[in-house]
1. Regarding segment 169-181, can at least one residue be identified that is outside any loop (DSSP other than H, G, I, E, B), modelled with pLDDT of 95 or more and more than 14 Å from the ligand (Cβ to nearest atom)?
2. Being out of contact with any helix residue (DSSP H, G or I) (no Cβ under 7 Å at 6 or more places or on another chain), assigned to a loop (DSSP other than H, G, I, E, B) and either in contact (Cβ under 8 Å) with a residue 40 or more places away in the chain or buried (at least 20 other Cβ atoms within 10 Å of the Cβ) (or both) is the filter here, so list the residues in segment 184-218 that pass it.
3. In this structure, is residue 129 within 15 Å of the ligand (Cβ to nearest atom), in contact (Cβ under 8 Å) with a residue 40 or more places away in the chain and closer than 28 Å to residue 240 by Cβ?
4. Let me confirm something: among 94, 113, 120, which residue is more than 16 Å from the ligand (Cβ to nearest atom) and either at pLDDT 95 or above or in the same structural domain as residue 18 (by TED's automatic domain parsing) (or both)?
5. Residues that are without any contact (Cβ under 8 Å) to a residue 60 or more places away in the chain: which helices (runs of 4 or more DSSP H) entirely in segment 1-88 hold 3 or more of them?
6. Among the residues of segment 219-237, which ones are surrounded by fewer than 14 Cβ atoms within 10 Å (Cβ to Cβ) and within 16 Å of the ligand (Cβ to nearest atom)?
7. Could you tell me which numbered condition residue 254 fails, if it satisfies all but one of (1) within 16 Å of the ligand (Cβ to nearest atom); (2) surrounded by fewer than 20 Cβ atoms within 10 Å (Cβ to Cβ)?
Ligand code: PDD
């Protein structure tokens, strides 16, 4: 791995970048993060990502003592320190900082800001061409009144445990239900089905992360006249779907052709999914060339 990281004002190589063992991000998992990617080396959709970072931070009473411009400047400076990367994965991590071992949010004087820039991991072309298998796992998505999945927090054990189950079954992603038994989201992505030409994804109220790519798919719906809706999904809706796909910043739109060994639709990426994938890439390229990618 070749990476650079901004750590509280200094940009360092991957071997030098460190945070204190007393940081609450390390000892308590007390922090929030965002994952962005670049297109044409420009951070994509920076504004919605930073808005979500602020919302996550507010939900854990964590100050973000930086303006959006100051954060973007730091992201750009970190990217500039990795000139060899064609496209980058950018992880912005903001933790409570260093302080006494207390859950009192005032126990730390200032937050720790880390920005990691590394090569964007490539998803195998076969995933996009042939689709992937995901696993409906037994791990339930966090109850929103326990640890709200809307908080993109460094507490990722729920996600990691779900993904461990998927990995044991050789699946690409883990699909979780919520505490009510409804289909919710995946460990690192949002989930959609397509039925009778309509793309449906569970509502935020199902207890999931408001994905930036998920929101972008709603915009693509307007662009393509493909109806994209929020709707409660149950297990049977998955089995009866014509198509399914997952969305995330780093992977864009990935067709799902099997869930827990059961074939979805014809078992190959469907026309609606393929159209959305195509328009996604065209829109991203257009935004980049218009210089509007950060917005
Ligand atoms: N994952 N749901 C969960 C639980 C996620 O962690 C993510 C993002 C998403 C998709 O959100 P977005 O479209 O904003 O990337 C949904 C990122 C990529 C990660 O943690 O690496």
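The values are calculated or read from the model by the stated rules, or taken from the named source; none is laboratory data. All figures in this text were calculated on a predicted structure; none of them were measured in a lab. Because the Cβ atoms are built from the backbone with ideal geometry, glycine has one as well, and the counts that use them run over all protein chains shown.
1. Initial filter on segment 169-181 (outside any loop (DSSP other than H, G, I, E, B)): 173-177.
Among the residues that remain, those that are also modelled with pLDDT of 95 or more are: 173-177.
Next, only the ones that are more than 14 Å from the ligand (Cβ to nearest atom) stay: none.
No; the residues of segment 169-181 include none that is outside any loop (DSSP other than H, G, I, E, B), modelled with pLDDT of 95 or more and more than 14 Å from the ligand (Cβ to nearest atom).
2. The answer is 189, 196, 202, 207, 208, 209, 211.
3. Working: within 15 Å of the ligand (Cβ to nearest atom): no; in contact (Cβ under 8 Å) with a residue 40 or more places away in the chain: yes; closer than 28 Å to residue 240 by Cβ: yes.
Considered against the rule, which asks whether it is within 15 Å of the ligand (Cβ to nearest atom), in contact (Cβ under 8 Å) with a residue 40 or more places away in the chain and closer than 28 Å to residue 240 by Cβ, residue 129 comes out as no.
4. Working: 94 fails: more than 16 Å from the ligand (Cβ to nearest atom); 120 fails: more than 16 Å from the ligand (Cβ to nearest atom).
Matching residue, one of 94, 113, 120: 113.
5. Values: elements: 24-27, 46-59, 68-80.
Counting at least 3 such residues, we get 46-59, 68-80.
6. Within segment 219-237, just 219 meets the criteria.
7. Of (1) within 16 Å of the ligand (Cβ to nearest atom); (2) surrounded by fewer than 20 Cβ atoms within 10 Å (Cβ to Cβ), only one is false for residue 254: (2).
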